[in-house]
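Reading through the structure tokens given below for one structure.
Here, each number is a calculation from the coordinates, and none is a lab measurement. Quantities reported herein were computed from a predicted structural model and do not represent experimental measurements. Glycine also receives a Cβ, built like all others from the backbone with ideal geometry; neighbour counts cover every protein chain displayed.
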């Protein structure tokens, strides 16, 4: 994934405080990332980052950042309801 494609993924405002600033941070171990609100500090879903195999560490980190922002941008209303 190119850097240009990563920049197209813009985080949505925080669902708790409405802040638009934040960053993807390392969470419980070196393998996990999550987007965190820059104002209230709420942490989005944790995403596991690839640490071995094909690609480079920079590629893996870029994919982790993209996936963490994608998870942050997923809201409960976006998820399909059972039986719908």
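Between residue 17 and residue 50, the modelled label-to-label distance comes to 3.5 nm, taking each label 7 Å out from Cα in the direction of the beta carbon. Approximating the spin labels as points 7 Å out from Cα along Cα→Cβ, the residue 10-to-residue 58 distance works out to 2.6 nm. Per-peptide packing, taken as the mean over residues of other Cβ atoms within 10 Å, places 42-49, 64-71 in the sequence 64-71, 42-49 from highest down.
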